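The values are calculated or read from the model by the stated rules, or taken from the named source; none is laboratory data. These numbers were taken from a predicted model, which means no experiment stands behind them. Because the Cβ atoms are built from the backbone with ideal geometry, glycine has one as well, and the counts that use them run over all protein chains shown.
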Amino acid sequence: MIELLKTGAYLVNGRELVEDTREAAARLTDLVGKDVPSKAEAAKATIAYGILKDHNTSGRMDKLQIRFDKLTSHDITYVGIIQTARASGLEKFPMPYVLTNCHNSLCAVGGTINEDDHMFGLTCAKKYGGIYVPPHQAVIHQFAREMLACGGSMILGSDSHTRYGALGTMAMGEGGPELVKQLLNQTYDINMPGVIAIYLTGEPVLGVGPQDVALAIIGAVFKNGYVNNKVMEFVGPGVDKLSADFRIGVDVMTTETTCLSSIWQTDETIREFYEIHGRENDYKELKPGDLAYYDGVVKVDLSKIRPMIAMPFHPSNTYTIEELNSNLEDILYDCEQKALVSLDGQVDFQLRDKIRNGRLYVEQGIIAGCAGGGFENLCDAADIIRGHSIGSDEFTLSVYPASTPIFMELVRNGAAADFMAAGAIVKTAFCGPCFGAGDTPSNNSLSIRHSTRNFPNREGSKLQNGQIASVALMDARSIAATAASKGFLTPATDLDLEFSGKKYHFDSTIYENRVFDSKGQADPSVEIKFGPNIKDWPKMSALPEHMILKVVSEIHDPVTTTDELIPSGETSSYRSNPLGLAEFTLSRKDPSYVGKAKEVQKAQKAIEAGADPLKALPGLAGIVETLWESFPDISRANTGVGSTIFAVKPGDGSAREQAASCQKVLGGWANIANEYATKRYRSNLINWGMLPFLIPEGDLPFTNGDYLFIPDVRKGVEDKASSFQAYVVKGDKMQPFTLKMGDLTDDERKIILEGCLINYNRSKM
């Protein structure tokens, strides 16, 4: 089904793989002749290399400085981004910037604050020359597919699932500060990433959908980091066998592998997609060169993929549904044991109680968002459920088309009626079920969803209140099959299937009537509307010469998601209020964190006010007394006091910058980790002026509550040090240890020295 090559490989004429072994040279000579290019030259023949080269401004391909063609954000990110850019001197959006409203679109929590954010977005689109998509019209990524993607282009989005590779657009999801840089005509700076071929062969069997293929790939590559921070390039003869919607459905889930981005070879199928959407001129044929070298290969035989399920609490916790149904007791017990780690034993989590007469019963099904709400997914699901009933017991089914044009077509072709007749509820375009702000099931329920993630709390439960539910990810077709079985888990391949293959007719009228498009023309006379919840970023100090850190949280989970660092769901309503949102930091992982961080922050605030920090933070006086014996020059004029957290591998999941900025707002000055799960989380730390420290796995010289001292930390950053001498200070003892630092660009170092990206840009002004 899935095979990972242990070596790189050459792709000849886009079809035949030649593994990078000792026999490769002879084989390549047979295939392409005597003039076989070097491996380095062949690596330039990938699709990814060509697109990156076209957008690189550095003049060298090992250190990229990328300028994107377009930007996109939604309503829990664009306020902070624009506020940051305004504080840094923004006058006009220098490129097309789409502001969608698909996360806080219900306007159901927190009074007027959600719609206040939307009015902020609309007035900013007018003032700075952007595009504004009102609530319920489209989820961010579907609008981008329909109206923004373009062959050979690059798009940067402030949502981790910014993936339009199937349409020939290399897209990346990053934290807001990276979009701010683009708005200020700065660059996205990365080392040239590795490129991994996703080599597709065969053809999916009837009943297997894109989520099945995606979950199979995620299960194979996530834990071993095979594609981590690399570009996934989809090639091979199997690509031709997939519809545009199928490719899109696989592509959007590449985020869950922790890859940097994705790109696909394009063909007439993709040309037709653009033509249907009235944008045929935006199509571009993309394919690898005659001989292309890849740093690794994931071989996928599509014909062997079977309906998949990702059990709680991660998209990589995958099984075939057939395997799960054959080993229910064992697999459910294993999931319960894993949950003891994920949920810290806070609640009594059960799955085996869902076995009824030897079958797994689920309480909820949802097909939604950028992954599930596509036209083909919904039409196939409607074909399966037509003539059936979901029943009148606990099981419910909700369907969210990804855009109003898709919804309109489902109404016209009868699919919406098929869902409704079966007992399903058809709703407007909304991302809520994907991040814990919609369709929250009852306590201890299991929800099956064709959406992007199933992390803890993604379904809306609150551990601190004893509320727990869980999500398993599945494809729309098997969700529909389960719904037709009234909630008993059923793979679509178990049914006698016949899909109608309805053709999509895109109607742009709704966008023409409702979407505000400035056509790139800014109007400086427009006054921005600020709701009372929209607050400016607080002042942030520059990096001091020396630093005292107190460890205020210690997390030993194998991976810590951004949802655990700053929860999603109803807390999203406060993302326009840095201080208000910060109150929720680590609230579902370490409820004591906020109080502890604020206590430490009192010392730094005292320093900034010219007061005595030793009186502000109990226990600090004894620490400073010990330090003075070895470092008599430290004083409140040259030493900062802040907090830090330790986590084994933080930052998996969402691109949300708030996972870092909330820590900084509360006085955080560093993270310490064994590794960072994603490039985007590490970038968020840096852009908010926090030091991304590393220590070896298993070597933890401190514990929660300890004080750490890092002398000459500012000089170390200035001198491009890769190691920092640090000390654990306990009583009158100082225990030395080493903190490592990965590569930083010159600009990233300056950002850290200035204290954050806002300060850095202000200093440039």
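Worth pointing out:
- Residue match in the range 476-486 (condition: outside the structural domain of Ile425 (by TED's automatic domain parsing) and either buried (at least 23 other Cβ atoms within 10 Å of the Cβ) or in contact with an Asp or Glu (Cβ under 6 Å, 6 or more places away or on another chain) (or both)): no
- Of the residues making up the range 481-499, those that are under 31 Å from the mean Cα position of the chain (by Cα) and either assigned to a helix (DSSP H, G or I) or of a type in the set (Gly, Ala, Ser) (or both) are Ala481, Thr482, Ala483, Gly487, Ala492, Thr493.
- Condition met for Ala597 (of a type in the set (Gly, Ala, Ser) and either at pLDDT 95 or above or within 32 Å of the chain's Cα centre (by Cα) (or both)): yes
- Within this structure, Asn104 fails the test of being out of contact with any helix residue (DSSP H, G or I) (no Cβ under 6 Å at 6 or more places or on another chain) and either among the charged types (D, E, K, R) or part of a loop (DSSP other than H, G, I, E, B) (or both).
- Test: Lys605 is part of a helix (DSSP H, G or I), farther than 27 Å from Val648 by Cβ and either within 19 Å of the chain's Cα centre (by Cα) or at pLDDT 90 or above (or both): yes
- Checked against (1) modelled with pLDDT of 90 or more; (2) touching a Leu at 6+ places or on another chain (Cβ under 9 Å); (3) not assigned by TED's automatic domain parsing to the domain that holds Ser153, Ala48 passes all but condition (2).
- Residues in the range 83-114 that are without any contact (Cβ under 8 Å) to a residue 60 or more places away in the chain and within 20 Å of Phe516 (Cβ to Cβ): Arg86, Val98, Leu99, Thr100, Asn101, Cys107.
- If only residues of the range 733-757 that are of a type in the set (Lys, Arg) and surrounded by fewer than 16 Cβ atoms within 10 Å (Cβ to Cβ) are counted, the one that is modelled with the lowest pLDDT is Lys733.
- Residue match in the range 199-212 (condition: farther than 30 Å from Lys502 by Cα, in contact (Cβ under 8 Å) with a residue 12 or more places away in the chain and outside the structural domain of Lys70 (by TED's automatic domain parsing)): no
- Some residue of the range 619-626 being at pLDDT below 95, over 30 Å from Ser316 (Cα atoms) and assigned to a loop (DSSP other than H, G, I, E, B): yes
- Restricting attention to the range 717-729, the residues being surrounded by fewer than 19 Cβ atoms within 10 Å (Cβ to Cβ) and under 19 Å from Gly742 (Cβ atoms) number 7.
Listed here are the residues, each with its yes/no results for (1) closer than 27 Å to Ala472 by Cα; (2) assigned to a helix (DSSP H, G or I); (3) in contact with a Pro (Cβ under 8 Å, 6 or more places away or on another chain); (4) not assigned by TED's automatic domain parsing to the domain that holds Ala24.
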residue	(1), (2), (3), (4)
Phe234	yes, no, no, no
Pro237	no, no, no, no
Asp240	no, yes, no, no
Val252	yes, yes, no, no
Thr266	no, no, no, no
Thr269	no, yes, no, no
Leu286	no, no, no, no
Lys299	yes, no, no, no
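- Counted residues, the range 317-351 - those being in a helix (DSSP H, G or I) and hydroxyl-bearing (Ser, Thr, Tyr): 3
- Among the residues making up the range 277-290, those that are in contact with a Phe, Trp or Tyr (Cβ under 6 Å, 6 or more places away or on another chain) and crowded, with 16+ Cβ neighbours inside 10 Å are His277, Asp282, Tyr283.
Each row is one residue, and each column tells you yes or no for (1) under 28 Å from Glu233 (Cα atoms); (2) charged (D, E, K, R); (3) under 25 Å from the mean Cα position of the chain (by Cα).
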residue: Tyr49; (1), (2), (3): yes, no, yes
residue: Gly89; (1), (2), (3): no, no, no
residue: Pro96; (1), (2), (3): yes, no, yes
residue: Asn101; (1), (2), (3): no, no, yes
residue: Leu106; (1), (2), (3): no, no, yes
residue: Ile113; (1), (2), (3): no, no, yes
residue: Asp116; (1), (2), (3): no, yes, no
residue: Gly121; (1), (2), (3): no, no, yes
residue: Lys127; (1), (2), (3): no, yes, no
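- Test: Lys462 is under 15 Å from Gly372 (Cα atoms), surrounded by fewer than 24 Cβ atoms within 10 Å (Cβ to Cβ) and not hydrophobic (A, V, I, L, M, F, W, C): no
- Test: Thr509 is of a type in the set (Val, Ile, Thr) and buried (at least 19 other Cβ atoms within 10 Å of the Cβ): no
- Screening the range 500-598 for helices (runs of 4 or more DSSP H) wholly inside it with 1 or more residues that are without any contact (Cβ under 8 Å) to a residue 24 or more places away in the chain returns the ranges 509-514.
- So Asp418, is it within 22 Å of Ala216 (Cα to Cα) and not in a strand (DSSP E or B): no
- Condition check for Met765: modelled with pLDDT under 95 and either in contact with a Leu (Cβ under 8 Å, 6 or more places away or on another chain) or of a type in the set (Val, Ile, Thr) (or both): no
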